[in-house]
Amino acid sequence: MVSLLSFPVVSLLIIYLAAPGAVLVFCAEDFSRHDFPPDFVFGSGTSAYQVEGAAFEDGRTPSIWDTFAHDGNAHGDTGDIACDGYHKYKEDIQLMVETGLEAYRFSIAWSRLIPNGRGPVNPKGLEYYNNFINELIRYGIQPHVTLVHSDLPQALEDEYGGWISRKVVKDFTAYADVCFRQFGDRISYWNTFNEANVFVLGGYDVGFTPPTRCSPPFGIANCSKGNSSSEPYIAAHNILLAHASAASLYKNKYQGRQKGFIGINIFAYWFVPYTNATEDVVATQRAKDFMIGWFVNPLVFGDYPDIVKKNAGTRIPAFSNLESKQVKGSFDFVGVNHYFTGYIKNNPNKLKMDNRDFNADMAADMIFVHGDTPPDQLPITFSGLAEVLEYFKQVYGNPPIYIHENGLQTLHSSTLDDMPRVKYLCGFIGSLLDALRNGSNARGYFIWSFLDVFELLDGYNSAFGLYYVDMDDKDLKRYPKLSAHWYSKFLKGRAINPDAVLEFETISSISQTRSSQ
């Protein structure tokens with residue numbers, strides 16, 4: 001059993017070492033890029049701290065993610081150099097062109113653009129992002145920008161506690177204003193926050209992600225400050241207000257002439273009852289209200305789900321009438337990150353606790369390992385993505401959705417034959433196509449991640465990338481994996497047929513690649 005908040009610690013390590021030569025790839029359905037609408041966009045993505053490096057160059061200051069990494073929370077690894085995307089962005093964009101990416105999702109480092117969190121703009125940071133965006137546009141790759149990807153400037157965290165203070169709303173809006181003004185003539189898709197729900201749970205309840213705030217008995221980290229019972233709700237509330245403020249600014253000042261769109265991203269599991277018992281069925285809906293409705297209900301209906309307000313009580317802030325109106329409808333799309341399906345088992349005893357956190361308020365256990373699944377793996381349920389999209393269609397009026405992240409974690413090893421990732425992507429893209437044929441308003445799909453990057457909890461031990469990055473090579477050379485070849489073939493219109501064989505001539509190790517050069 002994996003609890004709600006400890007699941008990211010469990011590595012999904014599926015290693016497949018294929019022999020050199022032709023690799024057979026089978027999918028469950030016959031489909032190609034041409035089966036998707038022409039305006040549906042396929043891409044991949046990374047985030048600033050995970051790929052850029054240059055952490056101390058050209059005026060950039062630390063973010064809460066820098067602090068977290070330098071405190072040793074990712075096996076001692078940091079993003080100080082990462083993939084050195086700051087210097088190698090032209091090379092990486094050429095790989096995107098070769099792959100056939102239609103879009104690329106990346107984040108702007110707030111502390112690179114505005115080093116103090118507020119005030120003067122850093123000319124070097126502005127120059128970098130302008131150059132990066134222009135290079136994408138030059139090659140016809142659609143930029144999708146995230147404003148905050150777990151990397152609030154440390155200066156604001158130190159000054160007033162970051163997201164637990166209402167002061168952050170003003171500072172975030174000012175930062176967003178700079179981005180809209182400087183880049184909005186070329187950026188059509190703005191995402192305010194990445195995985196807002198998981199960010200606040202990891203950072204303010206359990207404390208194993210930035211900014212590592214928690215309190216006994218809930219935190220699994222050695223937090224020096226925080227309150228697990230109330231701060232997740234406070235931080236979430238302020239993030240929603242900050243999002244709404246930035247969205248209002250964009251819609252009133254920029255959208256008319258820039259013609260872009262703005263949204264917010266959440267992590268969305270799909271949940272199914274652990275048993276057919278009524279208690280588990282009811283608990284499953286409660287889990288959806290807590291994990292999805294916590295953020296999406298205010299955006300669509302103007303308030304939190306009733307069960308969330310009831311169980312959290314006075315620990316969850318209330319929206320004023322004005323705030324409710326500001327938050328409601330403050331999005332043009334919802335970004336969804338989806339990886340797993342979980343089983344939900346009712347646990348009413350959690351509500352009997354005198355001191356409760358979010359997990360206890362949900363009064364349910366999340367179980368990932370079920371049935372024949374090996375205990376060191378998380379089950380992969382392709383239909384979960386279609387179910388998430390159907391849920392948004394049925395409950396929230398079928399808003400435009402971008403699948404911002406979907407991908408498979410493996411060891412960061414030297415094999416290029418990542419057959420499990422190919423099967424994973426093939427299965428989920430097929431599920432996405434099922435959802436579209438059933439009326440989903442999904443508009444795009446981004447594989448996580450384009451490169452093997454610095455991962456939040458695991459540093460460089462694990463990887464999601466289409467391209468391997470050799471961290472032992474001084475030039476951090478990139479190598480395409482089987483999944484990069486497969487995705488490229490798909491993007492260029494090759495049919496994925498279950499009755500046919502896709503053959504890719506691959507090399508099973510980096511050493512063989514080097515020896516052939």
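Cβ under 13 Å from PHE180's Cβ, PHE180 left aside: what net charge do those residues give with Lys, Arg +1 and Asp, Glu -1?
Here the count lands on +4.
For the chain, return all DSSP H helices satisfying: extent of Cα atoms along own axis at least 18 Å; mean Kyte-Doolittle hydropathy at least 0.0.
Numbers: long enough: 85-99 (20 Å, -0.95); 123-138 (22 Å, -0.69); 167-183 (25 Å, 0.14); 231-249 (27 Å, 0.70); 383-396 (19 Å, 0.17); 419-437 (27 Å, 0.63).
Membrane-span-like by this rule: 167-183, 231-249, 383-396, 419-437.
For a label point 7 angstrom out from the Cα of ASP30 toward its Cβ, which stretches of region 407-442 have the backbone nitrogen within less than 20 Å?
Correct set: 426-438.
Counting other Cβ atoms within 10 Å of each Cβ, which trypsin sites (Lys or Arg not before Pro) in region 250-289 have at most 15 and sit in a DSSP loop?
Of the trypsin sites (Lys or Arg not before Pro), the ones in loops of region 250-289 whose Cβ has at most 15 other Cβ atoms within 10 Å are LYS259.
So what is the accessible area of region 134-228 per residue, in Å², with the probe set to 1.4 Å? Write out the running numbers ahead of the final one.
On the way: 3190 Å² over 95 residues.
With all protein chains present, region 134-228 gives 34 Å² per residue.
So, in Å, what gap is there between the alpha-carbon centers of region 457-471 and region 251-324?
Rounded to whole Å, the Cα centres lie 32 Å apart.
Quick one: with all protein chains in place, what share of the accessible area of region 324-367 is carbon or sulfur, to the nearest percent (1.4 Å probe)?
The nonpolar share, carbon plus sulfur, comes to 45 percent.
Output the pairs from LYS423/LYS477; LYS259/LYS492; LYS170/LYS253 with a Cα-Cα distance over 22 Å in this structure; if there are none, say none.
Check vs 22 Å cut-off fails for LYS423/LYS477; LYS259/LYS492.
First compute the accessible area of region 413-468 with a 1.4 Å probe, then give the percent of it belonging to carbon and sulfur atoms. Could the numbers behind the result be given before it?
Details: 540 of 1190 Å².
Reported share for carbon and sulfur atoms: 45 percent.
Give, as ranges by residue number, the residues of region 86-119 whose backbone N falls under 18 Å from the point 7 Å along Cα→Cβ of ASP473.
Label zone hits: 86-99.
Compute the Rg/Rh shape ratio of the chain: radius of gyration over Kirkwood radius, all on alpha-carbon atoms.
0.94
7 Å from Cα along Cα→Cβ at both ARG138 and LYS259: what's the point-to-point distance in nm?
Simple spin-label model gives 2.4 nm for this pair.
Carbon-plus-sulfur fraction of the accessible area of region 142-232, 1.4 Å probe, in percent?
That share works out to 47 percent.
Could you work out how far apart the two model spin labels at LYS170 and ASN116 are, taking each label as a point 7 Å from the Cα in the direction of the beta carbon, and quote it in nm?
Between LYS170 and ASN116, the label points sit 1.4 nm apart.
Between ASP71 and ASP306, with labels modelled 7 Å along Cα→Cβ, what's the label distance in nm to one decimal, could you check?
Between ASP71 and ASP306, the simple spin-label model gives 4.0 nm.
Based on the mean of other Cβ atoms within 10 Å per residue, sort peptides 338-345, 488-495, 192-199 so the most packed one is first. Let's see the in-between values first.
Numbers: 338-345: 22.4, 488-495: 15.5, 192-199: 25.0.
Answer by packing, highest mean first, reads 192-199, 338-345, 488-495.
Net charge near GLU52: determine it from the other residues with C-beta under 12 Å of the C-beta of GLU52, scoring Lys and Arg +1 and Asp and Glu -1.
Cβ neighbours under 12 Å give a net charge of -4.
Using the Cα gyration tensor of region 58-169, with a ≥ b ≥ c the square roots of its eigenvalues, what is the shape: rounded (a/c below 1.5), prolate (a/b larger than b/c) or oblate (neither)? Before the final figure, lay out each step's value.
On the way: a/c = 2.13, a/b = 1.62, b/c = 1.32.
Judged from the Cα gyration tensor, region 58-169 comes out prolate (a/c at least 1.5, a/b above b/c).
Can you give me the Cα centroid spacing of region 145-215 and region 80-124 in angstrom?
First find each Cα centre; the distance between them is then 17 Å.
So if R0 is 45 Å, what FRET efficiency would SER324 and ARG437 give, r being the distance between their Cβ atoms, rounded to the nearest 0.05?
The computed FRET efficiency comes out at 0.80.
Could you order the peptides 291-303, 71-83, 103-115 from most to least packed, using the average number of other C-beta atoms within 10 Å per residue?
Final packing ranking: 103-115, 291-303, 71-83.
How much area per residue is accessible in region 430-493 when the probe is 1.4 Å and only protein heavy atoms are counted (Å²)?
That works out to 30 Å² per residue.
Accessible area per residue for region 257-343 in Å², computed with a 1.4 Å probe and the full protein assembly in place, what is it?
Dividing the accessible area of region 257-343 by its residue count gives 39 Å².
The values are calculated or read from the model by the stated rules, or taken from the named source; none is laboratory data. The shown structure was predicted, so the numbers you read here are calculated from the model rather than taken from an experiment. As a convention, Cβ positions derive from the backbone with ideal geometry for all residues, glycine included, and neighbour counts pool all protein chains shown. SASA here: full protein model, heavy atoms, side chains in, ligands and nucleic acids out. Shrake-Rupley method; radii C 1.70, N 1.55, O 1.52, S 1.80 Å.
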